[in-house]
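> Can you read through this structure? Questions will come right after.
The values are calculated or read from the model by the stated rules, or taken from the named source; none is laboratory data. Predicted, not measured: the structure shown is a model, and the values here were computed from it. FYI the Cβ positions are ideal-geometry reconstructions off the backbone, even for glycines, and counts take in every protein chain you see.
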Amino acid sequence: MPAQIPLVDYLVLGDRPHLVAHECSACGARYFDRRNACASCGGTTFGTAEIATEGTLRTFTIVTFAAPGIPTPYVAGVVDCAGTSVRANIVNVEPTPEAVTLGMPVRLATFPIGADSEGTEAVGFGFEPA
Amino acid sequence: MSDEVWILGITMTKFGKHPDKDSVDLAAEAALGALADAGVGIDRMGILAAGNLLGGGHLGQSLQKQIGQTGIPVYNVANACATGATALRTAIMAVKAGEADYGLAVGVEKLAGAGLLAGGSRKDDGSTWTPSGRYGAVAAVDGRIGTEIMPGVFAQVGMEYLSAHPYSGNDFELFARISEKNHAHSTLNPLAAYTKRMTLEEIMNDVMIAYPNTRPMCSANCDGAAAAVVVSGSVLKTLSQEQQRRAVKVSASVLTTDPWQEACQILPDVNTLTRNAAAQAYEAAGVGPADLDLVELHDCFATAELVHYDNLMLCEPGGAVDFFESGATWRDGSTPVNVSGGLQSKGHPIAATGIANVWEVCHHLRGEAGDRQIEGAKVGLAHVIGLGSACGVHILEKAA
């Protein structure tokens, strides 16, 4: 198996892929990006929170016209993972409004997005119908 | 009263394609138009606030070099799609603070043929995967982790509303009917970029950009400028009867940003800051949503207009769909919304928009809107959202 690297640092690979967030120790606000401080309360200490891998689709769009180099159509959306909102593509589903519905249950899925010149495989994530 | 601020002169250029004019030409046309409308010269202005998002941040001085280098302070402002409203509010604040008797605010953008805005993070992937940026991303994420393009972001904003307030009808058709309204309204606006009526079928069968937004349901990229001259209430009293009659009172000028909400860094929250701005504006003006004779709101996409009915409290909480379906927001309805044609049809030259929508409201309050006049209009509201986010709300009232 080739060496793998996650597309973003908040995706944890391995036997049980999942997402992690920086969680403010003071107020519990969660963030996926590197933090300077908490935008909700100003706190500067953070712990790591594991994000639920199942959730429901709160909103979506089907992008058919994108910047050059981006394959279309694709489904982009926001998934409510047990109270934490996650931005992701919705994958393994027909990109049609008939197949993608508000409130549908979804679960995390990972997939390779390509290998670099050293053979390391980058792995991305999305959510698929559960 | 010295703490009141009035719009003395205001104008907008034709929105559309101006291949023979640069940003300064358009800004000068709008500024000189506003000064002529106000009946005062550039020599009276005590402050210039200049908005131009994509031009590099020095519009104000370039404009001065064409219409008058009087040595006054210039504020070059940028605040995404709220840039125009921010420029206007900057001039209003200077007058309100007593630093100037008169202020000039200008917004201009050259945007014709600009294509998709944002969605720029997809660069060529490097030869080795190397984490970079705040998410430690080894490759560009637009299109891989959701979408960054505006039609897609705002599509999700509208769909999220229908997720929270389930709708039994056809989502796509609902949003297309909002666009149908605005494209119908602009047939009466000679300054709109598009003045051709579109049928619901034409709108739905046009090119899909990001479901449920087809091309005519997206704001129209175009060139344009708008400008306003503001004056203090005490100085207005020294001017002519005609100037006082045509002056429009700024009953509220509010700017907000989005307070932290659970999902606001995942999908921009355009709702909370709009609700906050609206609440502050109604309180400052002493008017309520039911008093509004017309509203120009930020319909950057058909999906955005729906949520702002609710955010601006034009309808019951959660009742935006019923409100629209009642016909309330058509020009003959109880709360006409975007009688100019809105951003979808009048056009959206970014930094001009937040002044052009105030011009539209003033035009009606002055009884000068011609074929599209909302009869007897006395109070109106203008709203813009700059993603990221900033929200500007102005409430305007006809002179007594």
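> Could you pull out every one of the strands (runs of 3 or more DSSP E) wholly within segment A:41-101 that has 3 or more residues that are within 8 Å of another protein chain (Cβ to nearest Cβ), touching a strand residue (DSSP E or B) at 6+ places or on another chain (Cβ under 8 Å) and in contact (Cβ under 8 Å) with a residue 12 or more places away in the chain?
The strands (runs of 3 or more DSSP E) meeting that bar are A:54-63, A:74-81, A:84-90.
> Another question, if that's okay. Which of the following residues is within 14 Å of another protein chain (Cβ to nearest Cβ) and surrounded by fewer than 20 Cβ atoms within 10 Å (Cβ to Cβ): B:S163, B:S127? Can you show your working first?
On the way: B:S163 fails: surrounded by fewer than 20 Cβ atoms within 10 Å (Cβ to Cβ).
Exactly one of B:S163, B:S127 is within 14 Å of another protein chain (Cβ to nearest Cβ) and surrounded by fewer than 20 Cβ atoms within 10 Å (Cβ to Cβ), namely B:S127.
> Applying the selection to segment B:297-311, what residues are touching a residue at least 40 places away in the same chain (Cβ under 8 Å) and touching a Phe, Trp or Tyr at 6+ places or on another chain (Cβ under 9 Å)?
To start, the set of residues in segment B:297-311 that are touching a residue at least 40 places away in the same chain (Cβ under 8 Å) comprises B:297-308, B:310-311.
Of everything in segment B:297-311, those that are touching a residue at least 40 places away in the same chain (Cβ under 8 Å) and touching a Phe, Trp or Tyr at 6+ places or on another chain (Cβ under 9 Å) turn out to be B:L297, B:C300, B:F301, B:A302, B:T303, B:A304, B:E305, B:L306, B:V307, B:D310.
Per-residue answers, yes or no, for (1) modelled with pLDDT of 95 or more; (2) assigned to a helix (DSSP H, G or I); (3) buried (at least 20 other Cβ atoms within 10 Å of the Cβ):
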{"residue": "B:G60", "(1), (2), (3)": "yes, yes, yes"}
{"residue": "B:T70", "(1), (2), (3)": "yes, no, no"}
{"residue": "B:A85", "(1), (2), (3)": "yes, yes, yes"}
{"residue": "B:R89", "(1), (2), (3)": "yes, yes, yes"}
{"residue": "B:V95", "(1), (2), (3)": "yes, yes, yes"}
{"residue": "B:E99", "(1), (2), (3)": "yes, no, no"}
{"residue": "B:G103", "(1), (2), (3)": "yes, no, yes"}
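> Something else: Just to verify a result, which residue in segment B:166-188, among those that are within 12 Å of chain A (Cβ to nearest Cβ) and charged (D, E, K, R), is nearest to B:L343 (Cα to Cα)?
B:E173
> Find all pairs meeting these conditions: Cβ atoms under 7 angstrom apart; at least six residues apart or on different chains; first residue within segment B:346-361 and in contact (Cβ under 8 Å) with a residue 12 or more places away in the chain and among the hydroxyl-bearing types (S, T, Y); second residue assigned to a helix (DSSP H, G or I) and crowded, with 24+ Cβ neighbours inside 10 Å.
B:T353/B:G84; B:T353/B:L343
> For segment B:194-214, enumerate the residues that are crowded, with 21+ Cβ neighbours inside 10 Å, within 14 Å of another protein chain (Cβ to nearest Cβ) and closer than 16 Å to B:N170 by Cβ.
We begin by selecting, within segment B:194-214, every residue crowded, with 21+ Cβ neighbours inside 10 Å; these are B:194, B:198, B:203-204, B:209-214.
Still in the running and within 14 Å of another protein chain (Cβ to nearest Cβ): B:204, B:209-214.
Residues satisfying the conditions are B:M204, B:Y211, B:P212, B:N213, B:T214.
> Taking the criterion of being within 14 Å of chain A (Cβ to nearest Cβ), of a type outside the set (K, R) and surrounded by 24 or more Cβ atoms within 10 Å (Cβ to Cβ), would at least one residue in segment B:226-242 satisfy it? Break it down stepwise before answering.
Kept after step one, since they are within 14 Å of chain A (Cβ to nearest Cβ), are these residues of segment B:226-242: none.
Within segment B:226-242 (the criterion being within 14 Å of chain A (Cβ to nearest Cβ), of a type outside the set (K, R) and surrounded by 24 or more Cβ atoms within 10 Å (Cβ to Cβ)), the answer is no, since none of the residues qualifies.
> Follow-up. Would you point out which residue out of B:T90, B:T70 is in contact with a helix residue (DSSP H, G or I) (Cβ under 9 Å, 6 or more places away or on another chain) and hydroxyl-bearing (S, T, Y)? Reasoning before the result, please.
Values: B:T90 fails: in contact with a helix residue (DSSP H, G or I) (Cβ under 9 Å, 6 or more places away or on another chain).
Checking each option against the conditions leaves just B:T70.
> Which one of the conditions (1) facing another protein chain (nearest Cβ under 7 Å); (2) surrounded by 22 or more Cβ atoms within 10 Å (Cβ to Cβ); (3) under 19 Å from B:M217 (Cα atoms); (4) hydrophobic (A, V, I, L, M, F, W, C) does B:F154 fail to meet, given that it meets all the rest?
The number of the failed condition is (1).
> If a residue must be more than 10 Å from every other protein chain (Cβ to nearest Cβ), closer than 20 Å to B:S163 by Cβ and without any contact (Cβ under 8 Å) to a residue 60 or more places away in the chain, how many such residues does segment A:102-130 contain?
So the count comes out to 6.
> So for segment A:57-73 (the condition being aromatic (F, W, Y), buried (at least 16 other Cβ atoms within 10 Å of the Cβ) and more than 22 Å from B:W129 (Cβ to Cβ)), does at least one residue qualify?
Yes - at least one qualifying residue is present in segment A:57-73.
> Can you name the residue in segment B:166-177 that is surrounded by fewer than 24 Cβ atoms within 10 Å (Cβ to Cβ) and among the hydrophobic types (A, V, I, L, M, F, W, C) and, of all such residues, is farthest from the chain's Cα centre (by Cα)?
It comes out as B:F172.
> Please enumerate the residues belonging to segment A:76-98 that are of a type in the set (A, V, I, L, M) and over 17 Å from B:M208 (Cα atoms). Walk me through it before giving the result.
Taking segment A:76-98 and keeping what is of a type in the set (A, V, I, L, M), we get A:76, A:78-79, A:82, A:86, A:88, A:90-91, A:93.
Hits for segment A:76-98 are A:V78, A:V79, A:A82, A:V86, A:A88, A:I90, A:V91, A:V93.
> In segment B:274-287, is there at least one residue being within 17 Å of the chain's Cα centre (by Cα), at pLDDT 95 or above, crowded, with 22+ Cβ neighbours inside 10 Å and not in a helix (DSSP H, G or I)?
The answer is no, given that none of the residues of segment B:274-287 is within 17 Å of the chain's Cα centre (by Cα), at pLDDT 95 or above, crowded, with 22+ Cβ neighbours inside 10 Å and not in a helix (DSSP H, G or I).
> When you look at A:F32, is it within 13 Å of chain B (Cβ to nearest Cβ) and surrounded by 14 or more Cβ atoms within 10 Å (Cβ to Cβ), yes or no?
Values: within 13 Å of chain B (Cβ to nearest Cβ): yes; surrounded by 14 or more Cβ atoms within 10 Å (Cβ to Cβ): yes.
Judged against the criteria, A:F32 is a match.
> Report yes if some residue within segment B:193-211 is over 18 Å from the mean Cα position of the chain (by Cα), small (G, A, S) and farther than 30 Å from B:K14 by Cβ; otherwise report no.
Of segment B:193-211, the ones over 18 Å from the mean Cα position of the chain (by Cα) are B:195-211.
After this cut, where a residue has to be small (G, A, S) as well, the list is B:210.
Then drop every residue that is not farther than 30 Å from B:K14 by Cβ, which leaves none.
Checked segment B:193-211: no residue is over 18 Å from the mean Cα position of the chain (by Cα), small (G, A, S) and farther than 30 Å from B:K14 by Cβ.
> Restricting the search to segment B:334-386, which residues are in contact with a His (Cβ under 6 Å, 6 or more places away or on another chain), within 19 Å of B:A399 (Cα to Cα) and buried (at least 24 other Cβ atoms within 10 Å of the Cβ)?
B:V358, B:A382
> Turning to a different aspect of this structure: Pick from B:D43, B:D142: which is surrounded by fewer than 24 Cβ atoms within 10 Å (Cβ to Cβ), over 26 Å from B:P349 (Cβ atoms) and free of Cβ contacts under 8 Å to residues at least 60 places away in the same chain? Let's see the steps before the verdict.
Details: B:D142 fails: over 26 Å from B:P349 (Cβ atoms).
Matching residue, one of B:D43, B:D142: B:D43.
> Looking at segment B:326-338 only, could you name the residues that are closer than 16 Å to B:E180 by Cβ and free of Cβ contacts under 8 Å to residues at least 40 places away in the same chain? Talk me through it step by step, then tell me what you get.
First, pick out the residues of segment B:326-338 that are closer than 16 Å to B:E180 by Cβ: B:326-333, B:336-338.
Across segment B:326-338, the qualifying residues are B:S326, B:G327, B:A328, B:D332, B:G333.
Here's the yes/no breakdown for (1) farther than 20 Å from B:C81 by Cβ; (2) assigned to a strand (DSSP E or B):
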position: B:C315; (1), (2): yes, no
position: B:W330; (1), (2): yes, no
position: B:T335; (1), (2): yes, no
position: B:A351; (1), (2): no, no
position: B:V358; (1), (2): no, no
position: B:H364; (1), (2): yes, no
position: B:E397; (1), (2): yes, yes
position: B:A400; (1), (2): yes, no
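> Another one. How many residues, within segment B:1-23, are among the hydrophobic types (A, V, I, L, M, F, W, C) and surrounded by fewer than 20 Cβ atoms within 10 Å (Cβ to Cβ)? If you could, list the steps in order and put the result at the bottom.
Going through segment B:1-23, the residues among the hydrophobic types (A, V, I, L, M, F, W, C) turn out to be B:1, B:5-8, B:10, B:12, B:15.
Checking the rest, the ones that are also surrounded by fewer than 20 Cβ atoms within 10 Å (Cβ to Cβ) come to B:1.
Within segment B:1-23, residues that are among the hydrophobic types (A, V, I, L, M, F, W, C) and surrounded by fewer than 20 Cβ atoms within 10 Å (Cβ to Cβ) number 1.
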